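The values are calculated or read from the model by the stated rules, or taken from the named source; none is laboratory data. Owing to the predicted nature of the structure, the values given are computational and were not obtained by experimental measurement. No Cβ is skipped: glycine too gets one built from the backbone with ideal geometry, and neighbour counts run over all protein chains shown.
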Amino acid sequence: MITNIALYEHPSHIESLYPFSVLHLPWELRYGAMTIVEAWQKFSGASLLACYGRPSHIASFYARFPQHRMQQFGVGRVLAVSSKLLPTKHTIAQIAGADSTRPLVFSAGGDIVAVCMAIENWIEGAPSAWQDLERLARDEQWQIVELDSPRLLQYSWELLDASAEAIAEQFQLVADSTIHHADFLNAHVVALAADAIAVGEESSIAPLVVLDASRGPIIIGSNVTIMPHATIIGPCAIGDHSTVKVGAKIYPGTVIGRWCKVGGEVESSIFHDFSNKQHDGFVGHSIIGEWVNLGADTNTSNLKNTYRPISVEMPSGRIPTGRTFLGLLCGDHTKAGIDTMFSTGTVVGICSNIFGAGYTPTFIPSFTWGAIESSKLYAIETALDTARRAMARRQRKLLPEEEALIRAEFERVAARNTAALDVRN
C-alpha cells in the first residue's frame with residue numbers, strides 16, 4: 001500500500017516542457033480536471049511527502065501552494081515517482097499490488113520511472129535529484145518490475161492525448177460529491193447522457209445551454225458560470241470559478257482550469273488557471289499557460305495546408321512532434337492583441353506582448369514586444385508591472401519567488417538578444 005508520495009522533476013523536462021517549465025514544475029500541468037500532483041494524490045489516497053527539482057522552482061511551488069509543503073513523516077511506504085510517469089488507475093493499482101518488504105523499482109521500456117520503499121529507508125537518505133535515485137537503484141540492484149501500459153510524459157503536447165482518458169477516470173472520483181443533473185434540467189438545459197455530467201456547488205448554467213456527454217464525461221467545477229447558448233461536448237473539464245461565455249463552442253478533449261474566461265470556439269485544448277479567451281476566434285490543439293489573455297478574434301492554426309506532420313521550434317532546436325494537429329504552446333503572462341493569427345505549431349515564451357498584421361513566427365521568445373511586423377525586448381519592469389496589474393484583477397499578488405523566476409528568464413533572454421533587439425521602456 002502506498003501511503004506517501006515524493007515527486008521528482010525529471011531533468012529532461014526542463015527543456016522538453018518549455019515554455020511551461022520556465023515558471024512551473026511538471027506536476028503543476030493540468031491533467032484532465034486536476035493537476036498532475038492532485039491526480040497522484042486522488043488516485044492513490046497518499047500524502048505528498050516531498051518534492052524535488054530546481055530549488056528556485058520548488059520555492060515558488062511551495063509559496064504558491066503551501067498546502068503541499070512537506071508533511072510530517074508517517075508510516076508505510078514511499079513512492080518516489082519521476083515526472084515522466086502520469087497517474088492512472090491502472091498504473092497505481094500495479095504499484096500498490098507489488099508490495100514488498102524490499103525496495104522495488106518500476107520501469108517503463110527499460111527506463112526507471114518510480115521507486116517504492118519503506119519510509120524508514122527513505123528517511124535514512126533520500127536523494128534530492130532523480131538521476132541520483134536512479135543511480136542508487138541500479139547500484140543496489142533493487143528488484144525491477146516492468147509496468148504494463150504506463151502513460152508517460154515527455155512533451156507537453158502529449159497531455160492533449162491524455163485528456164480524454166484522464167477526464168473519464170477522474171469523473172468517477174468527483175461524481176459522488178457533485179449535485180445531481182436534475183438540478184439544472186429545469187432551467188431548460190439540454191443534457192445528453194446526463195448521468196455522465198458532474199456539476200459542482202454554486203455553479204450557474206443558463207437556459208439554452210447544451211451539455212453533450214454522449215462521447216465522454218463533462219466535469220464542471222464549483223462556482224462556474226455557463227452563459228446562454230453555450231455548447232459543451234465531452235470529454236471536457238471546466239475548473240472552479242471559470243466562465244464559459246455566450247454562444248461558446250467547446251469541443252471534446254478541452255480542459256479549462258480555474259478562474260478562466262473562455263468564449264468562441266475551442267477544440268482539444270488545455271487552459272491553465274487564470275487565463276482568458278473571452279471572444280470569438282478559434283483555439284485548437286493548444287496548451288495555454290497561466291495569466292494569458294488572447295484578444296478578440298485571436299485564431300490558432302492547428303493543421304498545415306499540406307497535412308504534413310508538425311515540428312516545433314524550441315530554444316534547444318527543432319523537434320518533430322509526429323502530430324498532424326498542433327496549435328499554440330503559450331507561456332505564462334503572455335498577451336495577444338485582437339486579430340492575432342498564430343501559425344501552426346507556434347511556441348511562445350513568457351511575458352510576451354504579441355500584436356501586428358499577418359501570421360506569427362513559429363517561435364516567439366519570452367519578453368517579445370510585437371513579434372510579427374517587428375520585435376523588441378519587453379522591458380522587465382514594464383512586464384512585471386503588467387503581471388501585477390493583471391493578477392490584482394483576480395485579487396492575487398505576484399510573489400517574490402515568482403518574480404525571481406521571471407527575472408531569471410529575462411536575464412537569459414536579454415543575454416541572447418541584446419545585440420539584435422531594442423529595449424522598449
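Inspect all residues belonging to the range 365-380 and state whether any of them is part of a loop (DSSP other than H, G, I, E, B), in contact with a Gly (Cβ under 9 Å, 6 or more places away or on another chain), at pLDDT 95 or above and within 27 Å of P309 (Cα to Cα). Looking through the range 365-380, at least one residue is part of a loop (DSSP other than H, G, I, E, B), in contact with a Gly (Cβ under 9 Å, 6 or more places away or on another chain), at pLDDT 95 or above and within 27 Å of P309 (Cα to Cα). In this structure, E290 does satisfy being under 22 Å from R396 (Cα atoms) and in contact (Cβ under 8 Å) with a residue 12 or more places away in the chain.
For the residues T91, T35, the requirement of being among the hydroxyl-bearing types (S, T, Y) and either modelled with pLDDT under 95 or out of contact with any strand residue (DSSP E or B) (no Cβ under 9 Å at 6 or more places or on another chain) (or both) singles out T35.
For the range 276-294, the candidate set comprises residues that are small (G, A, S) and within 21 Å of the chain's Cα centre (by Cα); within that set, the residue that is nearest to V246 (Cα to Cα) is G284.
Among the residues of the range 384-419, which ones are in a loop (DSSP other than H, G, I, E, B) and within 23 Å of the chain's Cα centre (by Cα)? Scanning the range 384-419 gives R393, R394, Q395, R396, K397, L398, L399.
For the structure I just gave you, tell me whether T88 is farther than 29 Å from L398 by Cα, of a type in the set (S, T, Y), outside the structural domain of E165 (by TED's automatic domain parsing) and touching a Phe, Trp or Tyr at 6+ places or on another chain (Cβ under 9 Å). Taking the combined requirement at face value, the residue satisfies it. When A80, A63 are checked against the criterion of being surrounded by fewer than 21 Cβ atoms within 10 Å (Cβ to Cβ) and in contact (Cβ under 8 Å) with a residue 40 or more places away in the chain, a single residue qualifies: A63.
Set side by side, the residues A198, A237 differ, and just one is within 18 Å of E38 (Cβ to Cβ), at pLDDT 95 or above and either in a strand (DSSP E or B) or among the hydroxyl-bearing types (S, T, Y) (or both), which is A237.
Does at least one position in the range 179-188 carry a residue that is at pLDDT 90 or above, out of contact with any Phe, Trp or Tyr (no Cβ under 8 Å at 6 or more places or on another chain) and crowded, with 18+ Cβ neighbours inside 10 Å? Within the range 179-188 (the criterion being at pLDDT 90 or above, out of contact with any Phe, Trp or Tyr (no Cβ under 8 Å at 6 or more places or on another chain) and crowded, with 18+ Cβ neighbours inside 10 Å), the answer is no, since none of the residues qualifies. Residue count for the range 127-147, restricted to those that are assigned to a loop (DSSP other than H, G, I, E, B) and either of a type in the set (A, V, I, L, M, F, W, C) or not assigned by TED's automatic domain parsing to the domain that holds S44 (or both): 3.
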